[in-house]
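Chemist: The structure's right below; bear with me while I get my questions together.
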Amino acid sequence: MSPQALKQQQDWRVVDTDEASVVRLAERIALKLAVGDLLALSGTPALRATFARALVRALLGDPGAEVPSPIGSRAQIYTTPRLALAHLDLHAAALSALDTRLADGAVVVEIAEPMPGRPATNRLDIHVTPGALHLTGHGTWVSRLARLEVMSGFLDAHPPWDAAMPAYLQGDASARAYARLGSARSSAILMDQPRQPDGPPIRNGLPYSRIAKLAEDVRPFVAVASALREAELSAPEIYATDLDRGFLVLEDFGDRVFGAEIENGTSQAELWRAATDTLIALARVPVPGSIALPDGTSHHVPRQDAAVLGIEVELLPDWYWRAIYGAPVPSEIRAEFMDAWQGIFARLASEPAGWVLRDYHSPNLVWLPERDGPRRAGLLDFQDALCGSAAYDLVSLLEDARLDVPPALEDELLAHYLGQRGTEPAFDRDAFSFAYAALGVQRNTKILGIFARLAMRDGKHTYLRHIPRLWRYLARGLAHPELAALARWFDRHLPDSIRHQPPAVPLPGSPPA
């Protein structure tokens, strides 16, 4: 546990404040607000009202929303996109009645004086007076307030983003957080990615992130973005960086993410063909030996080797098996599973290596139709990029884990890719087709384990709805004749009847991350 997590409270004093800075701070606090939070707002009544109004407007995403002051014990209730917020004006003695509201949302309460001693609450005390704010975090607000202070310092040092109203953006399954920064001139994206601890060692003294070669800070993102832009592909321009503390201000590609575009009526075939053309262009870009970073250091793109591929497929016996059968996988069945992969990994290692962006699928692709050619697909979430088989990203796109790609469209775009790259003297069509099938099975195996882990460990059960789609993709890939040994393992130990069985979650005694 970090020293910060062991603290009983975290203090932050902000001086020389005016009304505008009070509003900015309230908007930034709104980014970190969570269900179960209690914000105790004391101090000058007019500034308390200013702070509360800015907080509510930021949560609603409406800078002009009416925010009346609450009277007595009657609460103003706001249903925001992220959580329910109750706004009250009470004496500290009456706060014991708030627990039911905290179970379903967050509470901001205006009181005359600070309220020391409220136990067992994720509470942020905010005392605002002319020229100064004093914030004290308790519970999980100890770490959140410390991060908020660093984030505010970063934004304040980089105009015009210091004055921009931040709007919360839904992130992915990772620990990264995002916000849209809107200013009078333009907008940008704030990425907040604190350096992640390695976690417990699981093999040879190394944690999962090191074996799987996952990015642990923002440096790989900055490096890979630079290489992609140099190749004239649409990676975000980076306007400001704090590499040590994990903050970036990025070009805003807008909201036309591929999945949303399909719902809005854009042709899936057009979107996926544009993204396939981007991969054709990327396959012709060499992976540099190292990429220089703004602080004088450099990033080396890791190799997608057998260790990476192997630790990923182990997520299935570690998590999915347990979720289905309610017990750890027997050691002999696990060994049989890994043995079936070894020859596949050895063959993949002999193939030519190029860029693997690794998460090349609909949530991370933005439609930019105003751009030309391969630049029409805006690229996001490539910090875990590797040097490996180009087939990996293509199968990630054409066997998207989160939405259906019709088999006919997959076949059409695979043929398009092979036809375009078939003109290259060194391109081996048969070898690529094997890699496409093998890496499709590898990736979908990994994702089965990840989605089971998200449900069992993190309580994120919504990912389980995608599991039938993953099994359909796996069946297609396992039909490749050179994957017959692996297909037999699946047929024996996870037969078709099991594949339609939902994982049992939550399950006690889950393995470590």
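The values are calculated or read from the model by the stated rules, or taken from the named source; none is laboratory data. Computed from a predicted structure; not experimentally measured. No Cβ is skipped: glycine too gets one built from the backbone with ideal geometry, and neighbour counts run over all protein chains shown.
Chemist: For a quick check of your reading of the model, give me the residue pairs whose first member lies in the range 396-413 and is outside the structural domain of Tyr436 (by TED's automatic domain parsing), whose second is buried (at least 21 other Cβ atoms within 10 Å of the Cβ) and part of a loop (DSSP other than H, G, I, E, B), with beta-carbon atoms closer than 9 Å and at least 6 apart or on different chains.
Modeler: Short answer, once both residue conditions are applied: none.
Chemist: In addition: Looking for whichever is in contact with an Asp or Glu (Cβ under 7 Å, 6 or more places away or on another chain) and not assigned by TED's automatic domain parsing to the domain that holds Leu403 here; the options are Phe247, Phe221. Which one fits? Lay out the reasoning, then the answer.
Modeler: Values: Phe221 fails: in contact with an Asp or Glu (Cβ under 7 Å, 6 or more places away or on another chain).
Phe247 is the lone residue from the list that is in contact with an Asp or Glu (Cβ under 7 Å, 6 or more places away or on another chain) and not assigned by TED's automatic domain parsing to the domain that holds Leu403.
Chemist: Could I ask something else about it? Mind checking which residues of the range 286-322 are within 15 Å of Tyr392 (Cβ to Cβ) and not in a helix (DSSP H, G or I)?
Modeler: Val287, Val301, Pro302, Arg303, Gln304, Asp305
Chemist: Let me ask something else about it. Among Val356, Val301, Val313, which is buried (at least 21 other Cβ atoms within 10 Å of the Cβ), without any contact (Cβ under 8 Å) to a residue 60 or more places away in the chain and of a type in the set (A, V, I, L, M)? Lay out the reasoning, then the answer.
Modeler: Working: Val301 fails: without any contact (Cβ under 8 Å) to a residue 60 or more places away in the chain; Val313 fails: without any contact (Cβ under 8 Å) to a residue 60 or more places away in the chain.
None of the others qualify; the one that does is Val356.
Chemist: Among Ser226, Ser234, which is outside the structural domain of Leu380 (by TED's automatic domain parsing), surrounded by 18 or more Cβ atoms within 10 Å (Cβ to Cβ) and touching a Lys or Arg at 6+ places or on another chain (Cβ under 7 Å)?
Modeler: Details: Ser226 fails: touching a Lys or Arg at 6+ places or on another chain (Cβ under 7 Å).
The match here is Ser234.
Chemist: Here's something else I'd like to know. Val366 - would you say it is crowded, with 18+ Cβ neighbours inside 10 Å, farther than 20 Å from Arg443 by Cα, among the aliphatic types (A, V, I, L, M) and in contact (Cβ under 8 Å) with a residue 24 or more places away in the chain? If you could, list the steps in order and put the result at the bottom.
Modeler: Numbers: crowded, with 18+ Cβ neighbours inside 10 Å: yes; farther than 20 Å from Arg443 by Cα: yes; among the aliphatic types (A, V, I, L, M): yes; in contact (Cβ under 8 Å) with a residue 24 or more places away in the chain: yes.
Judged against the criteria, Val366 is a match.
Chemist: Considering only the range 114-136, I want to know if a residue exists there that is modelled with pLDDT under 90, of a type in the set (Val, Ile, Thr) and either surrounded by 11 or more Cβ atoms within 10 Å (Cβ to Cβ) or closer than 19 Å to Ala30 by Cβ (or both).
Modeler: So far as the range 114-136 goes, yes, one or more of its residues are modelled with pLDDT under 90, of a type in the set (Val, Ile, Thr) and either surrounded by 11 or more Cβ atoms within 10 Å (Cβ to Cβ) or closer than 19 Å to Ala30 by Cβ (or both).
Chemist: Then there is this: Looking at Ala157, Ala164, Ala184, which one is surrounded by fewer than 18 Cβ atoms within 10 Å (Cβ to Cβ), modelled with pLDDT of 90 or more, farther than 19 Å from Gln383 by Cβ and of a type outside the set (Val, Ile, Thr)? So that I can check it myself, show each step before the final result.
Modeler: On the way: Ala164 fails: surrounded by fewer than 18 Cβ atoms within 10 Å (Cβ to Cβ); Ala184 fails: modelled with pLDDT of 90 or more.
Sole residue among the options that is surrounded by fewer than 18 Cβ atoms within 10 Å (Cβ to Cβ), modelled with pLDDT of 90 or more, farther than 19 Å from Gln383 by Cβ and of a type outside the set (Val, Ile, Thr): Ala157.
Chemist: Sticking with this structure for a sec: Within the range 404-413, does at least one residue satisfy the condition of being of a type in the set (A, V, I, L, M, F, W, C), in a loop (DSSP other than H, G, I, E, B) and buried (at least 18 other Cβ atoms within 10 Å of the Cβ)?
Modeler: yes
Chemist: Just the residues that are surrounded by fewer than 12 Cβ atoms within 10 Å (Cβ to Cβ) and closer than 30 Å to Leu413 by Cα, please, taken from the range 280-295.
Modeler: Within the range 280-295, Pro286 is the sole residue that qualifies.
Chemist: I need a count of the residues in the range 373-396 that are assigned to a helix (DSSP H, G or I) and buried (at least 24 other Cβ atoms within 10 Å of the Cβ). Before the answer, list the steps.
Modeler: Our first condition is that a residue be assigned to a helix (DSSP H, G or I); within the range 373-396, this holds for 373-376, 391-396.
Checking the rest, the ones that are also buried (at least 24 other Cβ atoms within 10 Å of the Cβ) come to 391-396.
The number of residues fulfilling the criteria is 6.
Chemist: Another question, if that's okay. Residues of the range 258-279 being β-branched (Val, Ile, Thr) and surrounded by fewer than 18 Cβ atoms within 10 Å (Cβ to Cβ), which ones?
Modeler: Step one: of the range 258-279, the residues β-branched (Val, Ile, Thr) are 262, 266, 276, 278.
Once the filter is applied, which keeps residues that are β-branched (Val, Ile, Thr) and surrounded by fewer than 18 Cβ atoms within 10 Å (Cβ to Cβ), the range 258-279 yields Ile262, Thr266.
Chemist: Inspect the range 290-303 for any residue being within 23 Å of the chain's Cα centre (by Cα) and among the acidic types (Asp, Glu) and give the result as yes or no.
Modeler: no
Chemist: Is one or more of the residues making up the range 473-481 small (Gly, Ala, Ser) and over 30 Å from the mean Cα position of the chain (by Cα)? Steps first, please.
Modeler: From the range 473-481, those small (Gly, Ala, Ser) are 475, 477, 479; that's our starting set.
Narrowing further to those that are over 30 Å from the mean Cα position of the chain (by Cα): 479.
For the range 473-481, residues small (Gly, Ala, Ser) and over 30 Å from the mean Cα position of the chain (by Cα): present.
Chemist: Oh, and also: Just wondering, is there one or more residues in the range 429-446 that are surrounded by fewer than 23 Cβ atoms within 10 Å (Cβ to Cβ), under 26 Å from Gln342 (Cβ atoms), assigned by TED's automatic domain parsing to the domain that holds Phe258 and within 18 Å of the chain's Cα centre (by Cα)?
Modeler: Checked against the condition, which is being surrounded by fewer than 23 Cβ atoms within 10 Å (Cβ to Cβ), under 26 Å from Gln342 (Cβ atoms), assigned by TED's automatic domain parsing to the domain that holds Phe258 and within 18 Å of the chain's Cα centre (by Cα), the range 429-446 yields at least one hit.
Chemist: Would you confirm, using the coordinates I've provided, whether Arg457 is closer than 20 Å to Asp359 by Cα and either at pLDDT below 95 or not assigned by TED's automatic domain parsing to the domain that holds Ala260 (or both)?
Modeler: On the way: closer than 20 Å to Asp359 by Cα: no; either at pLDDT below 95 or not assigned by TED's automatic domain parsing to the domain that holds Ala260 (or both): yes.
It is false that Arg457 is closer than 20 Å to Asp359 by Cα and either at pLDDT below 95 or not assigned by TED's automatic domain parsing to the domain that holds Ala260 (or both).
Chemist: Among the residues of the range 242-266, which ones are more than 19 Å from the chain's Cα centre (by Cα), assigned to a loop (DSSP other than H, G, I, E, B) and either closer than 14 Å to Leu403 by Cα or acidic (Asp, Glu) (or both)?
Modeler: Result: Asp244, single match.
Chemist: Any idea which of Leu85, Leu60 is crowded, with 21+ Cβ neighbours inside 10 Å and either under 17 Å from Glu149 (Cα atoms) or aliphatic (A, V, I, L, M) (or both)?
Modeler: Working: Leu60 fails: crowded, with 21+ Cβ neighbours inside 10 Å.
The conditions single out Leu85.
Chemist: Residues Ala86, Ala93, Ala65: which one is part of a helix (DSSP H, G or I) and at pLDDT below 95?
Modeler: Details: Ala86 fails: part of a helix (DSSP H, G or I); Ala65 fails: part of a helix (DSSP H, G or I).
Residue meeting the stated conditions: Ala93.
Chemist: Pick from Leu413, Leu368, Leu397: which is closer than 30 Å to Asp255 by Cβ and within 18 Å of the chain's Cα centre (by Cα)?
Modeler: Numbers: Leu413 fails: within 18 Å of the chain's Cα centre (by Cα); Leu368 fails: within 18 Å of the chain's Cα centre (by Cα).
Unique residue meeting the criteria: Leu397.
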